[in-house]
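Every number in this text was worked out from the coordinates using simple rules, so none of it is lab data. Fair warning: this is a prediction, and the values are worked out from it, not measured in the lab. For neighbour counting, all protein chains shown are included, and Cβ atoms are generated from backbone atoms with ideal geometry for every residue, glycine included.
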Amino acid sequence: MVIAKTLTSYLQDKGIEFKLVEHAHTPTAVASAHAAGLPAHQVAKAVVLHDGDGYVLSVLPANHSLEIGWVNEELGRSLELASEDDFKSLFADCEPGAVPALGEAYGVQVIWDDELAYTSDIYIEAGDHEHLIWLERRDFRQLMSSLPHTIISKDKEVGSWKY
């Protein structure tokens with residue numbers, strides 16, 4: 001498949017330059033980072049949440065784990081993890097489990113982790129399990145600038161932020 005058509009159209013409409021990075025087939029974003037020889041904190045993974053009001057795409061570094069309570073506190077919602085069957089129609093041009101971290105392209109509300117604002121270039125799933133999309137940090141920040149963001153995850157190895 002290479003890159004989801006919805007994603008290509010979205011990036012072209014926004015005037016964002018990107019490159020594809022090919023890697024061996026992988027099941028997770030962190031595995032994609034390793035297969036592509038990239039630091040996992042530069043790969044933005046997408047975690048789909050839902051409640052009675054709809055879906056939210058949480059975007060965080062691949063080597064972090066989502067803190068749903070922090071997302072709920074920030075958005076004032078009662079979100080839970082969505083199953084792939086719940087949301088596969090939203091991302092119809094993507095392979096299951098290869099959701100791109102640009103939910104706006106699919107009309108899905110997004111919240112993103114502040115950690116991604118401070119890393120160098122960002123890589124996201126392209127909609128399949130063999131490609132990542134490279135975005136310059138400034139372009140990623142431009143795409144996310146109007147979307148809610150805060151600390152929504154913790155590093156699996158280091159621990160969590162303390163308030």
> Label point 7 Å out from residue 74 along Cα-to-Cβ: which residues of the range 91-122 have amide N under 12 Å?
Replying inline: 110-117
> Label points 7 Å out from Cα along the Cβ direction at residue 121 and residue 34: separation in nm?
Replying inline: 2.3 nm
> For residue 24 and residue 51, what does the FRET efficiency come to when R0 = 30 Å and r is the distance between their Cβ atoms, rounded to the nearest 0.05?
Replying inline: 0.25
> Which loop-located GluC sites (Glu not before Pro) does the range 69-163 contain, where loop means any DSSP state but H, G, I, E or B and the Cβ has at most 10 other Cβ atoms within 10 Å?
Replying inline: 157
>> Can you tell me what share of the DSSP beta bridges in the range 1-145 is antiparallel? A percent to the nearest 5 is fine.
In response: 75 percent
>> Pick from 121, 139, 51 the residue whose mean-square fluctuation is largest in a GNM of the chain, springs joining Cα atoms under 10 Å.
In response: 51
> What is the gain in length, in nm to one decimal, between residue 145 and residue 92 on full extension, counting 0.36 nm per residue of separation less the C-alpha to C-alpha distance?
Replying inline: 16.5 nm
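Just from its helices, what would the mean residue ellipticity at 222 nm be for the chain, if runs of 4 or more DSSP H residues each count -39500 (n - 2.57) and the sum is divided by every residue, rounded to the nearest 500 deg cm²/dmol?
After summing the helix terms and dividing by residue count, I get -6000 deg cm²/dmol.
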> Per residue Cα convex hull volume for the range 80-148, in cubic angstrom?
Replying inline: 97 Å³
>> Below 8 Å, C-alpha to C-alpha, sequence gap of six or more: please give me the relative contact order for the range 36-129 in percent.
In response: 37 percent
> Normalised by the number of residues in the chain, what is the relative contact order in percent for Cα pairs under 8 Å and 6+ residues apart?
Replying inline: 31 percent
> What is the extension gain from residue 83 to residue 114, computed as 0.36 nm multiplied by their sequence separation minus the C-alpha to C-alpha distance, in nm to one decimal?
Replying inline: 8.7 nm
